[in-house]
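Notes follow the structure.
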Amino acid sequence: MKAFKTILGLTLLFMAMACNTTPTYETLEDYPIYEGNDLGMTYTPTSTQLKIWSPAAQSVKVKLYEKGDGDNLIDEFTMKRDKQGVWSYKLKGDHAGEYYTYQVQQNGQWLQEKPDLYAVAVGVNGQRSMIIDLKDTNPDGWEEDQKPALANYNDIIIYELQIRDVSISPNSGITQKGKYAGLVEAGTKSPDGLSTGLDHIKDLGVTHVHLLPTFDHRSIDETKLDEPQYNWGYDPLNYNVPEGSFSTDPYDGAVRIKEFKQMVKTLHENGIRVILDVVYNHTGQTEDSNFNQLVPDYYYRQNAEGGFSDASACGNETASERAMMRKYIIESVAYWAKEYHLDGFRFDLMGIHDIETMNEVSRTLREIDPSIFVYGEGWTAGSSPLPQEEQALKANTYKLEQVAAFSDDLRDGLKGSVFEEKEGGFVSQTTGLKESIKFGIVASTQHPQVNYDSVNYSNAPWAAEPYQTISYVSCHDNNTLWDKLLLSRPDASEAERIKMHKLAETIVLTSQGVPFIHAGMEMLRSKDGVENSYESPDSINQIDWSRKAQYKEVYDYYKGIIALRKAHPAFRMTSTKDIQAHLEFLDYAGDNFIGYRLKDNANGDKWEEILVLLNGADTNKTISLPAGNWTLVADGSKVSESGLRKVSSKTLTVPGITAYILKKG
């Protein structure tokens, strides 16, 4: 029956083409699938081929412009209906530097003029696609760009930042404020004489920077960059193009591309890999979006009433399970990986996507480069018509192929719920969270000493292997960790809150899994209590570099813990089996005290045994040490590979709100 319907559909299609009539389809799922890889613009110096997929269109026009904005139409052409729902037109001659749009007629109505969904370059504000020879956008030495070495995903330490936040403060010492170039400006210092920007990130010791959405988003008016504007960028406009407001010239479509590439190259040269935050789960517009105006309804899920379903809480959700949306996502990430030499992708609201799409994304990227890392938010912002068993939710992470998810279990276990600002966590002396912290320490995997019935959000392990867990306590969303501690423990002194902050991040950086750091938390970053700063001014979102001098001891401590993690593979075991064999929780009493050891030269570590003691209570805790001689290497204030002091007694007193790390011998 299926074969008959396929033959019938092809017959109707060819009859329609022969009669120059529009094919009809009963459902959106009946739309033909285009199997080629040349949608969008294919440029040569002698011609430019343009292709758009819009099966139900009655007619499609391409309009050619001299510039990316303004009244400068060169000509318009009617495209030719081709097979598998594609329309095509070939422009003869060299059209590099010109701009184009599409306009679709459907159901007798001409829809809005829009840029190419597959645009790789655009004009100001992303309203017109640009014809371009991408080779001309490569910075000097681009072909020789080398990614920093990466042996295992578990070796990754992620640093999440927004391009503008890093440099925009008057005290950043950075010249190219808010720009791609500003992120990689070398030799910059604060008024206190301390390194900022690139030198700071490099000195801290992280392995990857995670860029908040840096594709072309619609919030910022690129024609008014002299006026105060801010947005995180989770409102996609053109997926395959860098954001213009971070460039030195948003009017020339080539500039942002070259500057983005130069940024990646410079980060690579400084030993730092680059991750792009991608938002394929929804578009910044709904009815008027590029997708909906060029192929009405197809790229979105519908609710029971036939309208747009909204699991993103942004007005729509994309339908990744539909063949051409899946194809779009896969081809888009592959394009970024190849053209921009990117090293990873973080999927916003990944739970909206279906599991098969995420697995195909992972497979495709690993064919390009096996070290590319994929992770995302394993949840949605609302209900979706996609069945839960098909969603790339945190609980389904074990079904994902080398894809990781954020651990909100550990996040909220450490500091309290992000949705209840006054609620505390393990580090702020709230009880009942011990098993949630242990669950985070073993990276959400199966471990015989974790009581899953007592974990805050999960009643079973959800990661098949430790690298599938992103361990974190703070990110761009919600209050910063420092602000959360101010809100949940207003009675505590600043010194006590600093101890809570350091304890939380120490747990993140010594847990198995992949640690994730919110930029600036190493200097107790604050947003003045603004919980959702997505469009707050620079005064709220900027990194205040004066805090590095003010809290230099905190910075040095975090730098030391990062170095300790990188020096000792016991903190980053590569398999669940190894964690089960080499990580042993010790039987210490106390709801806010956890002790465990990493034993038998775990993961080939040069240290035979490492002891981690975590005291979340505000009182000192005296414990018996396992047999042997021990050396204290971290005490909540300092970190020393060679040791801070020998422990001669068989007991040890761990101060309140403090992490102790010891090595045997």
Any hit, region 588-595, residues being closer than 18 Å to Val654 by Cβ, open to solvent by 10 Å² or more (accessible area, probe 1.4 Å) and among the charged types (D, E, K, R) | yes
Scan region 310-317 and give yes if some residue there is open to solvent by 10 Å² or more (accessible area, probe 1.4 Å) and over 22 Å from Gln391 (Cα atoms), otherwise no.
-> no
With respect to Ile330, is the statement that it is over 22 Å from Asn240 (Cβ atoms) and not hydroxyl-bearing (Ser, Thr, Tyr) true?
-> no
Filtering region 535-565 down to residues that are β-branched (Val, Ile, Thr) and either open to solvent by 50 Å² or more (accessible area, probe 1.4 Å) or in a helix (DSSP H, G or I) (or both) yields Ile540, Val554, Ile561, Ile562
Limited to region 491-525, what total is found for residues that are open to solvent by 10 Å² or more (accessible area, probe 1.4 Å), in a loop (DSSP other than H, G, I, E, B) and in contact with a Lys or Arg (Cβ under 8 Å, 6 or more places away or on another chain)?
-> 1
Kindly indicate whether Phe419 is of a type in the set (Phe, Trp, Tyr) and touching a residue at least 60 places away in the same chain (Cβ under 8 Å).
-> no
Restrict the check to region 291-306 and report whether at least one residue is outside any loop (DSSP other than H, G, I, E, B), surrounded by 20 or more Cβ atoms within 10 Å (Cβ to Cβ), within 21 Å of the chain's Cα centre (by Cα) and touching a residue at least 40 places away in the same chain (Cβ under 8 Å).
-> no
Evaluate the following for Ile220: is it in contact with a helix residue (DSSP H, G or I) (Cβ under 7 Å, 6 or more places away or on another chain), in contact (Cβ under 8 Å) with a residue 12 or more places away in the chain and part of a loop (DSSP other than H, G, I, E, B)?
-> yes
Across region 317-375, which residue is farthest from the chain's Cα centre (by Cα) among those that are farther than 26 Å from Trp53 by Cα and among the β-branched types (Val, Ile, Thr)?
-> Ile372
Strands (runs of 3 or more DSSP E) contained entirely in region 622-665, each with at least 2 residues that are touching a residue at least 12 places away in the same chain (Cβ under 8 Å) and surrounded by fewer than 18 Cβ atoms within 10 Å (Cβ to Cβ) = 645-647, 651-654
Would you mind finding the one in Thr188, Thr175 that is open to solvent by 30 Å² or more (accessible area, probe 1.4 Å) and either under 26 Å from the mean Cα position of the chain (by Cα) or closer than 30 Å to Gln550 by Cβ (or both)?
-> Thr175
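Here's the yes/no breakdown for (1) farther than 28 Å from Glu287 by Cα; (2) touching a residue at least 60 places away in the same chain (Cβ under 8 Å); (3) among the hydrophobic types (A, V, I, L, M, F, W, C); (4) loosely packed, with under 15 Cβ neighbours inside 10 Å:
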position	(1), (2), (3), (4)
Asn37	no, yes, no, yes
Tyr89	no, no, no, no
Tyr99	no, yes, no, no
Tyr118	no, yes, no, no
Val122	no, yes, yes, no
Ser129	no, yes, no, no
Ile132	yes, yes, yes, no
Any pair with Cβ under 6 angstrom, 6 or more apart, that starts in region 182-211 at a residue that is touching a residue at least 60 places away in the same chain (Cβ under 8 Å) and closer than 25 Å to Val278 by Cβ and ends at one that is basic (Lys, Arg) and open to solvent by less than 10 Å² (accessible area, probe 1.4 Å) = His210/Arg346
Is there a residue being open to solvent by 10 Å² or more (accessible area, probe 1.4 Å) and either under 30 Å from Leu64 (Cβ atoms) or among the basic types (Lys, Arg) (or both) anywhere in region 155-170?
-> yes
When residues of region 60-87 are filtered for being in a loop (DSSP other than H, G, I, E, B), open to solvent by 20 Å² or more (accessible area, probe 1.4 Å) and either among the charged types (D, E, K, R) or in contact with a strand residue (DSSP E or B) (Cβ under 9 Å, 6 or more places away or on another chain) (or both), how many remain?
-> 8
For region 603-610, state whether one or more residues are free of Cβ contacts under 8 Å to residues at least 60 places away in the same chain, among the small types (Gly, Ala, Ser), surrounded by fewer than 20 Cβ atoms within 10 Å (Cβ to Cβ) and not in a loop (DSSP other than H, G, I, E, B).
-> yes
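The values are calculated or read from the model by the stated rules, or taken from the named source; none is laboratory data. Everything numeric here is computed off the predicted structure, so don't read it as measured data. Because the Cβ atoms are built from the backbone with ideal geometry, glycine has one as well, and the counts that use them run over all protein chains shown. Calculation scope for accessible area: heavy atoms of the full protein, side chains included, ligands and nucleic acids excluded. Shrake-Rupley method; radii C 1.70, N 1.55, O 1.52, S 1.80 Å.
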